[in-house]
Each structure stands twice: as C-alpha cells, then as structure tokens.
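The values are calculated or read from the model by the stated rules, or taken from the named source; none is laboratory data. From a predicted model like this one, the values you see are computed outputs, not experimental measurements. Cβ placement follows ideal geometry from the backbone for every residue including glycine, while neighbour counts extend to all protein chains displayed. Protein only, heavy atoms only, side chains kept; ligands, DNA and RNA dropped before computing areas. Shrake-Rupley method; radii C 1.70, N 1.55, O 1.52, S 1.80 Å.
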Amino acid sequence: MYRRQSSGWMKHYDFMLIDLLCLHASFILAYIIRHGFFNPYADELYRNMAIFVTLADLVVMFLFGSYRGILWRRISKEVSATFRHALAVILLSVLYLFSVQQSFPYSRVTLYLMWLFYTLSLFGCRCWRKYAITHSKSGKNRRSLLIVTTSNLAEDVARQLSHRNFEQFNLRGIAIMDRDMTGQEIGGIPVVANSENVKDYVLHEWVDEVFTCFTGLNDAQKKLVNQFIVMGVTVHEKLNFRAEEMKNKQFIEKVGNYTVLTTSINYATTFETVVKRLTDIIGGIIGCIFTLLLFPVMALIIRIKSPGPVIFSQKRVGKNGKVFKIYKFRTMYTDAEARKAELMKDNRVQDDMMFKLDFDPRIIGNKVLPDGSLHFGVGSKIRKLSLDEFPQFFNVLKGDMSLVGTRPPTLDEWEKYKLHHRARLAIKPGITGMWQVNGRSNITDFEKVVALDTTYIKNWSLSLDLKILIKTFAVVLKKEGSA
C-alpha cells in the first residue's frame, strides 16, 4: 500500500523541526549579542516572546504551505520562500508586541537580529537538508524502487532518479524491456531483469514500487503495468499519453524530475501513516513488557517439556518481499522443520500454499495414545491462547510488522506465489488481521485467505484496524473462556 504524498507540513516533519531549531537558535543568539550571556527564557518578557514566535512559526508553516514543493525548489525560489517565511514570523511577532503593549520594553535590536539570523540559518539548513536527502547512501530501510524502461532511455532515467532522489528510494535495479542487459550496470544501478523475467523478479524480490518510463505504451507494456498493479505494487508511470481509467487509486505527483501517474491498490495519507506507526510503537512497547513478564513462565514450561531454545525464529516475507526474522515462543519440538516434509500429505490447505494440520505431532506434548485417541499437549494450549505470538511485539517495535496486517508467508510458501497472490504483501504483515479474526482455523482454501487480505488492503482505514483489534480481543477472550 502506497503512502500518498501530502502537500502539507505533516510530510516534512524533519524540515519543521529544523525550522524550529533555527528559530530558537536565532532568538538566543540575538538576545546574547544584545544583552550578554544570560538565559533569555528566564526573563518573562522574552520567555513569552519565545512561546509566541514558536506558535507563529507553526501557523506560518501551515497557512503559507512553506514546504509545498520544497524538494524541487531551485535556489532562487528557496531564497524567496525563506525570506517570506521569516518575514511573516517577524511581522506576527511585531503585531503581538503591539497587542500586549510590550513593543517599547522589548529590544528592537534583538528582534532585527533574530530576523537576520533566522533568515540566514533557515536558508542554509534547508539547503543542507535537501542535499543530505538527495545524497543519502543508506538504503536499508528505504522504499525499494525498480526502474522499468528501454535501453535508449535507461541512462537518462538512471541519472535523473539518482541525482534527484528526493523520495530517498533504494534504487533496486533496472529492467530493460527491449534487450537482455542483465548483469550490466547503468549509471551505477544494476540491470536485474528483462522482458522475459521481470514479472518473476517483482514477484519474488523486495520491490516496493515500480517506475516505468517508455516513449509510448504498446499493448505488451500496458499489460505489464496492469500485472504489476494486480500484484499490489505501486506503479509510477512517466506521463505520456496514458490516461485510461483504472479501478485503483490514482494521482499525479513527481518522482525525481519526472511528472508521473501513480497507481496503487490503496494509499494512506501521511497523517494516517504516522498514527498507524505511533499505534504500533505504543502497542509494541506494551506488548514487549508483557512478553518479558511472560518469559520466565514460558521458559519454564517449554524447557521442562522440550529441551531447547525458548524463542523460535524463522525467516518470513514482509512488505513487498522484504525478508525478516519473526520471533515466537517455541511451541514445537526442535526437529519440527525437518519433519515438515513427511507431513505435507496431511496438509489441509489446498495447493500447499500454507501449512495447516488438524493434528500436528510436532507440537510439544501432542501425541497419539495407544487407543488411537489424540492428546493435545502444552504447545497446543499455548497456541490456543495465542501466547506464542507475544514475541512478535518486538517485530512490531522494530518496524518489520504491524499490530494489524496480513500473515507473513514462509520462504517456501512465497516461492509458490502467483501474480495476484503478491497483492497481500502490499502492506506490513501483522500479529492479527482480517483472516485471523474470521475463522482462520477453518479456512483451507488459500484463495479465500488472499481474498480476505486483499479486501482488507483495498478498504484499509484506521477505523478498520481498530475494529480488527477489538475483534481480536474478543476472539482471544473467547478462547480463554473455552480453554
């Protein structure tokens, strides 16, 4: 799911923080030059002024749209924008001083020096921040972008996106559609696919978004773009003549120096993204505290019944194919993975797209009694109460997972995915989700899982997440009551 750009100040919280730091640094420096090395915040007159200019700065940010297009502004426009922003703050400050009848005792020299220092420092820091964004080398946690283009356009596209990488994409690679150039490099970006294998690359590699650039879309290229969209990948198309309607979310924005038509399965505003992440952090912290409290009890129970590690970790596939390690309390014997192959014949899920058994002998304490009856052990009880899931709150806190999302597949399940299956990877996986609270134990058709997850993504909202969380608590409490 794509995080839609916002023209407001919420998108550029880093610039907002820089502006406020420059403002107060200028305020302090101006005060020291005029009055000496004293604390300006200890003086009631200047303390009140400091509070007001902070509020004035925030008002100007919001009303003037100070950050609209800031990453694409040239130096001359940045000079003008910075000057107008600082001037507006000072004029509001003058109005404040007259309104509270403090214009006489307040030093005019301090006010003018603050304006000068604020204008200069604000311009310098904004330019520095834009340079830092453009030339940042760390791509570990940034959105992964695959460039899809032709050989005659590839060099220019690579240069444009590398030099004007304002979105801080991790430029994953280039797919050349008219020639096989796999293994080569263009502008320092590796060529990773061609027209024959590009769909398979997107299906089985970490690709958050795709940027397509063609001189004109032919039928094969239109089909390819539509297949990316079916997979749940956000697609940025360089605008040429493509304007047909789609059933997905579309809007026009800029990527690098290009104006593009962006299509995605859904999008979240910056505000929604921030709220969801803050909720994950708060929930993650609370969950981690409970996990630490549970650990001694779980360790004792697990070690008595099955010697070995208390925490089980496994590689899973997260958002858009990013692989991470998931953590759980171990509820299976240590040789569970080795025994999986021999039990595949009893798998309840069609096409082996997931692995689910009616009775799993690998779970700690599970065994078939001499009379043929089944004994469910402590591992099954831990699973029934969902206690094994608690260590995943560390994954939520790290940012690999969310409180609400989709179930992260294992690597072997991911390898079997078809194009439309990939859409369920368009968001972060979650501890709970749509299919988990809709009878996951009874679902044996993987296509129903995909349908539920896709429905969740297409209709995602903060209120939907809240409903799923409430329903999850109800399901867990019902389990506890029947345990």
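Couple of notes before you dig in:
- Scan of segment 67-94 for residues that are of a type in the set (F, W, Y) and modelled with pLDDT under 90, ordered by number: Y67, W72
- The residues of segment 1-51 that are in a helix (DSSP H, G or I), hydroxyl-bearing (S, T, Y) and modelled with pLDDT under 90 amount to a single one, Y13.
- Of all the criteria given as (1) of a type outside the set (D, E); (2) open to solvent by less than 40 Å² (accessible area, probe 1.4 Å); (3) within 23 Å of L425 (Cβ to Cβ); (4) part of a helix (DSSP H, G or I), the one not satisfied by N226 is (2).
- Qualifying residue in segment 432-441 (condition: of a type in the set (A, V, I, L, M) and farther than 20 Å from F228 by Cα): yes
- Tabulated pairs, segment 128-139, first under 12 Å from H163 (Cα atoms) and modelled with pLDDT of 65 or more, second assigned to a helix (DSSP H, G or I) and open to solvent by less than 50 Å² (accessible area, probe 1.4 Å), C-beta under 8 angstrom, 6+ apart or interchain: K130/I70; K130/L71; I133/L71
- So K199, is it open to solvent by 10 Å² or more (accessible area, probe 1.4 Å) and more than 30 Å from G379 (Cα to Cα): yes
- Single residue of segment 362-410 satisfying the filter (part of a helix (DSSP H, G or I) and of a type in the set (G, A, S)) that is least open to solvent (accessible area, probe 1.4 Å): G379
- Condition met for L153 (open to solvent by less than 20 Å² (accessible area, probe 1.4 Å), out of contact with any helix residue (DSSP H, G or I) (no Cβ under 8 Å at 6 or more places or on another chain) and touching a residue at least 40 places away in the same chain (Cβ under 8 Å)): no
- In segment 334-353, the residues that are within 14 Å of E413 (Cα to Cα), assigned to a helix (DSSP H, G or I) and open to solvent by less than 60 Å² (accessible area, probe 1.4 Å): K340, M344, D352
- Here F271 qualifies as touching a helix residue (DSSP H, G or I) at 6+ places or on another chain (Cβ under 7 Å), among the hydrophobic types (A, V, I, L, M, F, W, C) and touching a residue at least 60 places away in the same chain (Cβ under 8 Å).
- Checklist (1) crowded, with 19+ Cβ neighbours inside 10 Å; (2) in a loop (DSSP other than H, G, I, E, B) applied to F359, failing item: (1)
- A single entry from V297, V310, V275 fulfils the requirement of being under 27 Å from F355 (Cα atoms) and surrounded by fewer than 18 Cβ atoms within 10 Å (Cβ to Cβ): V310.
- Unmet requirement for F214, which otherwise passes all of (1) under 18 Å from G256 (Cβ atoms); (2) free of Cβ contacts under 8 Å to residues at least 40 places away in the same chain; (3) over 24 Å from the mean Cα position of the chain (by Cα): (2)
- Some residue of segment 182-202 being touching a helix residue (DSSP H, G or I) at 6+ places or on another chain (Cβ under 7 Å), within 30 Å of F390 (Cα to Cα) and touching a residue at least 40 places away in the same chain (Cβ under 8 Å): no
- One residue stands out among those in segment 316-333 that are closer than 15 Å to F394 by Cα and open to solvent by 30 Å² or more (accessible area, probe 1.4 Å): the one that is nearest to the chain's Cα centre (by Cα), which is K325.
- In segment 100-114, the residues that are at pLDDT 85 or above reach residues that are of a type in the set (S, T, N, Q) with C-beta atoms within less than 6 angstrom, at least six apart or across chains, in these pairs: M114/S26.
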